[in-house]
Each structure stands twice: as structure tokens, then as C-alpha cells.
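Report on the following structure.
All of the numbers you see were taken from the coordinates with simple rules; none came from a lab. Source: prediction; values computed, not measured. Every residue, glycine among them, receives a Cβ derived from its backbone with ideal geometry; neighbour counts consider all protein chains shown.
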């Protein structure tokens, strides 16, 4: 952590599986926490970054009531909805929400924004109820599946 | 998908949750090594190291072979690649999102410069 805290460090995304149920992502942003928080909690701004082109998806509707106890719903068309509830919203430092589209496999995401000398360290933790749920998530589910299939094929040729 | 990941990834992630076992994997990444040597290097009893190697072996992260009376261990490439693939795909998504977020924040900062600091208060 100390290494990345030096102000000249490039804003690199790190991903770490802390346990078989938890994955933690960190990233520095060259902006005060209030702006990073705002970009995360304002629907018009959120929509502009949440679905990068490489995801190959379109966000059709985005309803977010970003306050403790509020709900959100993201619609990607054809009945594909991601939804849940904000368990805690503390501007500009912390948002905790549930991801309930998976039914019983609902995960809880906690994102914190820590400001240091005008820059912000974002730490996001996703805690899944079971390791199966986490394994299934794999960031972009299809991509993982694809990668694994390709890997299987490659490894088969190496045997 | 759940089934698929379940059977193939549980054991490796459980195995990697332990610091010593991650150390052993790193060590084996450099060269094949006997359990006795590993026990010495990690300042551990032979029995303790056997257990760790057993967990890694079951997870498919390490393979062992016996030559004479000595059991040698090496990295089992396949599972490690799968674990890495999971992390890579997760990383890819979030890195792409955060690069977009950088752009959004930059435009917010420009707007504040133009319209005054309280634009996003």
C-alpha cells in the first residue's frame, strides 16, 4: 500500500481474492473523494462509465436512489436486470449495496473512497455468500467461461 | 457455469488462501524441490510440509513424484492458469470501467473549473 501511496504512482487497478468468498479491487484516482463519490452516485454520470465497450452490453435504464435503504435497478434489455438495495451510503466516503439479481446468491459490495493529498484511493470489496457464487461471478461471467474454454483447448494440444 | 466453476476452482482457491502454500508455490515456480527441502526452507516439520503439499496436490496446483525414497514436487500448471484466468477476467472488467471513470471525473473537473467548485457539491 505504501508503494502506491506515493503521489507519482500510476493509477493501477489491483484485484485480489482475499478469501474464497471475497474479492477486493483497488484503484487510485487523480481527484478528490467528493468527485469520485459523485461519479458513482449520480445516475447520469454512473451510466457513462459502468458499462465499458469491452463488456459488449448496453445499459438501457438506470434507476438509482443512492441513500441508505434506497434501491437501484440497471436494465440491460431483454429482462436482464441488475438490482439491489443500498445498505449504507455515507458521502463522500462509503457506499454499501446488495446485488440481488442472483437470488439466494446475493453478494454485498462495499466501496470506500479515501482521500490522500487530493487523490483518492478506491477500495471495493465484493463479498459472496458462497465460494460457488464468487466463482460464478468471475468479473465478466461469459468472458471467464470463454477464457477457460480456450485454455482447455490450448492445454489439450500441449498434452 | 456455477457447476463448472464450483468443481474446478474451489480447491485451488482454498489452497491459495494460506500464506505458506503460496510461498511453496512461488518456490516451486523456480525449480522442482523435495518435501524435505521445502520443510527446511520454510522452517517447518516434515509432517507439516507434507500436509501443505497434500492440499496443493489435491487442488491440482502441485504434482509430486517419488524418486527412490525422495518425493519431489513441482508446480501443476493447469490449475494455476485457471485461477489466474478468473482474476484476469475480473481485472479486465474493472480496469475498463475505471478507465472510463477517469474520463468522467476529468470532465467533471473541467466543468468545475469552468462553472465553479460547487458544481458537484
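In the elastic network of chain B, a GNM with C-alpha springs shorter than 10 Å, the most mobile of B:74, B:97, B:27 is B:97. Taken over the alpha carbons of region B:16-121 as equal point scatterers, the Debye sum produces base-10 log I(q)/I(0) values at 0.16 Å⁻¹ of -0.73. Length gained on full extension, residue B:40 to residue B:103, computed as 0.36 nm times the residue gap minus the Cα-Cα distance: 17.5 nm. Neighbouring Cβ atoms from other chains, within 10 Å of the Cβ of residues in B:101-114, number 5 on average.
Sorting the segments B:61-71, A:109-119 by their residues' average number of neighbouring beta-carbon atoms within 10 angstrom, most packed first, yields A:109-119, B:61-71.
Taking chain B as a Gaussian network, where each spring joins two C-alpha atoms under 10 Å apart, which residue of B:11, B:96, B:39 fluctuates the most? Top of the fluctuation ranking is B:96. For chain B, the longest principal axis of the C-alpha atoms and the axis of helix B:19-30 are separated by about 80°.
Quote the FRET efficiency, to the nearest 0.05, computed for residue A:60 versus residue A:12 with a Förster distance R0 of 45 Å and r equal to the Cβ-Cβ distance. Spell out each step's value before the answer.
Numbers: r = 32 Å, r/R0 = 0.71.
Using R0 = 45 Å, I get an efficiency of 0.90.
Hey, what angle do you get for helix B:77-115 against the long axis of chain B, alpha-carbon based, 0 to 90 degrees rounded to 10? On a 0 to 90 degree scale, this one is about 20.
With viscosity set to 1.306 mPa s and temperature to 10 °C, compute the Stokes-Einstein D of region A:1-116, Rh being the Kirkwood radius across alpha carbon pairs; µm²/s, no decimals. Can you show the working numbers first?
Working: Rh = 15.7 Å.
Using the Kirkwood radius from Cα pairs, D works out to 101 µm²/s.
FRET efficiency for residue B:110 and residue B:17, Cβ-Cβ distance as r, R0 = 45 Å, nearest 0.05? Here the calculated transfer efficiency is 0.50. Computed from Cα atoms, the angle from the helix B:2-16 axis to the main principal axis of chain B rounds to 70 degrees.
In this structure, residue B:26 and residue A:93 have a Cβ-Cβ separation that, at R0 = 45 Å, corresponds to a calculated FRET efficiency of about 0.80.
Sorted from fewest to most neighbouring beta carbons within 10 Å, what does the list B:10, A:20, A:81 look like? Walk me through the intermediate numbers first.
Numbers: B:10 17, A:20 21, A:81 14.
Listing B:10, A:20, A:81 from fewest to most nearby Cβ atoms yields A:81, B:10, A:20.
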